[in-house]
Amino acid sequence: MNIRLAILIGTLISFSSQAAGQAINKPAQGQGYKQTNTMGGGPATIPTTGKLRVFLLAGQSNMTGQGRAAELKAPYNQPHKRIRLWANNRWEYFVPTKSFGPGLKMAHQLAEHWPEDTIGVIKVAIGGTGILSFQPDWTMKSANRSTDGRKGDLYRDMTDAVKAAHKVSEFELEGFVWKQGGKDMRFQELADEYLGNFEKMITALREDLDAPAMPAFIATFATRRQFEEFAGTINKGRPGAYAVIKAQLDAADKIPHVVTFSHGKLPCHNDGIHYNTEGQLSLGGMVANAVEKYYAREEAHPDLNAS
């Protein structure tokens, strides 16, 4: 065999092996939709009357949700003619069959609040996941700072889902709902970076999704007053708990169009961490309350929500 040809073949084999290795190591995209896809109740068209108001939900385990679908009663276990979920790469009825998070009650309450419009929910969430997995400049190395690299680029999951939904429907992106923080509380360094990482994420989402004034709603554990009163006992074995909760509260003061609300202690499963069916319905109602209050304020005083 010609020596030059042999060298060329060897080089190509080497490059192919490297590429194959990278492909094997690269995490699968779309993992953020796994639980959401189980909550679809079959394909559904979008009503032709009124607006389609869409909310993007994201976070970790209490956003994924461990409410039990088998415990739901009407209307939450039935298709609603004006509620849709982006599941399995299409709009479906929002009818959980296994588990559910706060989006279910939120959607039903907002459908009552806007009786002429349809509520759409797009959710990207994986339990035990840090905020670095939701960054616009995601890399596996960065996400592995919180041991989450294998879960893939969840920022891309968020933007891919919204853009895919836009291809088949016209809608207004009415809000971003964030329930996350527990994972970052485990790492003091990441907790100290939390506010900056949240601001980078929401700023990029607004730009990439062409929604410059999209409000963000952060669900956290304590009000400002409660936080200040109990700051000395707030860590509970998580060294970054104080910094993360403070960052979530500060976000409302430092980033435009951000609302932080406290849900306090909610009913949980026996682990004391994950909200049960009652807890998730309560949380969803609180999210809807925050959304309603924001838009009522904007309607009355459009200049106030800008700061």
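The values are calculated or read from the model by the stated rules, or taken from the named source; none is laboratory data. This one's a predicted model, so the numbers in the text were calculated from it and none came from an experiment. Glycine also receives a Cβ, built like all others from the backbone with ideal geometry; neighbour counts cover every protein chain displayed.
Between Arg53, Arg150, Arg84, the distinction of being touching a residue at least 60 places away in the same chain (Cβ under 8 Å), touching a strand residue (DSSP E or B) at 6+ places or on another chain (Cβ under 9 Å) and not β-branched (Val, Ile, Thr) belongs to Arg53 only.
Residues in segment 45-92 that are hydroxyl-bearing (Ser, Thr, Tyr) and under 21 Å from Gln31 (Cα atoms) were compared, and the one that is surrounded by the fewest Cβ atoms within 10 Å (Cβ to Cβ) is Ser61. Considering segment 39-58, and only residues there that are assigned to a strand (DSSP E or B) and of a type in the set (A, V, I, L, M), the residue that is farthest from the chain's Cα centre (by Cα) turns out to be Leu52.
Say we look at segment 59-77 and pick out the residues that are within 15 Å of Leu281 (Cα to Cα) and in a loop (DSSP other than H, G, I, E, B); which of these is nearest to the chain's Cα centre (by Cα)? Restricting to residues being within 15 Å of Leu281 (Cα to Cα) and in a loop (DSSP other than H, G, I, E, B), the top hit is Gly65. Elements of the type helices (runs of 4 or more DSSP H) sitting completely within segment 194-307 and holding at least 3 residues that are free of Cβ contacts under 8 Å to residues at least 24 places away in the same chain and under 18 Å from the mean Cα position of the chain (by Cα): these cover 194-208. When restricted to residues that are within 25 Å of Ser169 (Cα to Cα) and either at pLDDT below 95 or among the hydrophobic types (A, V, I, L, M, F, W, C) (or both), segment 65-115 contains 14. Can you find a residue that is closer than 23 Å to Glu207 by Cβ and part of a helix (DSSP H, G or I) anywhere in segment 116-129? There is no residue in segment 116-129 that is closer than 23 Å to Glu207 by Cβ and part of a helix (DSSP H, G or I). Between Ala191, Ala165, Ala143, the distinction of being among the small types (Gly, Ala, Ser) and within 26 Å of Ile119 (Cα to Cα) belongs to Ala165 only.
Filtered by the rule that a residue be surrounded by fewer than 23 Cβ atoms within 10 Å (Cβ to Cβ) and either among the small types (Gly, Ala, Ser) or part of a strand (DSSP E or B) (or both), segment 175-192 gives a lone residue, Gly182.
Looking only at segment 120-157, residues that are farther than 14 Å from Pro27 by Cα, of a type in the set (Lys, Arg) and buried (at least 18 other Cβ atoms within 10 Å of the Cβ) come to 1 in all.
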